[in-house]
1. Please count how many residues of the range 55-70 are among the small types (Gly, Ala, Ser) and within 14 Å of the chain's Cα centre (by Cα).
2. Residues in the range 40-58 that are open to solvent by 80 Å² or more (accessible area, probe 1.4 Å), assigned to a loop (DSSP other than H, G, I, E, B) and modelled with pLDDT under 95: how many?
3. Which residue out of GLY43, GLY35, GLY52, GLY47 is free of Cβ contacts under 8 Å to residues at least 24 places away in the same chain and touching a strand residue (DSSP E or B) at 6+ places or on another chain (Cβ under 7 Å)?
4. Mind counting the residues in the range 59-70 that are hydrophobic (A, V, I, L, M, F, W, C) and either surrounded by 17 or more Cβ atoms within 10 Å (Cβ to Cβ) or within 12 Å of TYR37 (Cα to Cα) (or both)?
5. How about the range 18-37: which of its residues are farther than 19 Å from ALA68 by Cα, open to solvent by 50 Å² or more (accessible area, probe 1.4 Å) and among the small types (Gly, Ala, Ser)?
Amino acid sequence: MWASGSFRISCVPLLPPSLLTVQDLAVLLATSSSGVYSRVARGQIPGALRIGRSIRFDPRVIAQWLSANK
């Protein structure tokens, strides 16, 4: 039991941001999903992760890439 006036600090682990889908990245780049797939195949988008048959992107890598290519 907590004493009157005390507070409880919750320990929530810091989770990495969720990965972006091809569709998410297409919206960010103002292009189509097929455009994203083409650029990934040519190696023009960094940090593409293949998970099974899908491709995901780390938003931190994408943010760095976008800021470097302004």
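1. Taking the range 55-70 as the starting set, the residues that turn out to be among the small types (Gly, Ala, Ser) are 63, 67-68.
In the following step, the residues that additionally are within 14 Å of the chain's Cα centre (by Cα) were identified as 63.
Qualifying residue count for the region: 1.
2. Initial filter on the range 40-58 (open to solvent by 80 Å² or more (accessible area, probe 1.4 Å)): 41-42, 44, 50-51, 53.
From what is left, the residues that are assigned to a loop (DSSP other than H, G, I, E, B) are 42, 44, 53.
From what's left, modelled with pLDDT under 95: 53.
Count: 1.
3. On the way: GLY43 fails: touching a strand residue (DSSP E or B) at 6+ places or on another chain (Cβ under 7 Å); GLY35 fails: touching a strand residue (DSSP E or B) at 6+ places or on another chain (Cβ under 7 Å); GLY52 fails: touching a strand residue (DSSP E or B) at 6+ places or on another chain (Cβ under 7 Å).
Answer to the selection: GLY47.
4. In the first step, residues of the range 59-70 are kept if they are hydrophobic (A, V, I, L, M, F, W, C); the result is 61-63, 65-66, 68.
This time we only want the ones that are either surrounded by 17 or more Cβ atoms within 10 Å (Cβ to Cβ) or within 12 Å of TYR37 (Cα to Cα) (or both), so: 62.
So the answer is 1.
5. Hits for the range 18-37 are SER18, SER32, SER34.
The values are calculated or read from the model by the stated rules, or taken from the named source; none is laboratory data. No experiment lies behind these values; they were computed from the predicted model shown. Virtual Cβ from ideal backbone geometry, glycine too; neighbours counted across all protein chains shown. Heads up: the accessible areas ignore ligands, DNA and RNA and are worked out on the full protein's heavy atoms, side chains in. Shrake-Rupley method; radii C 1.70, N 1.55, O 1.52, S 1.80 Å.
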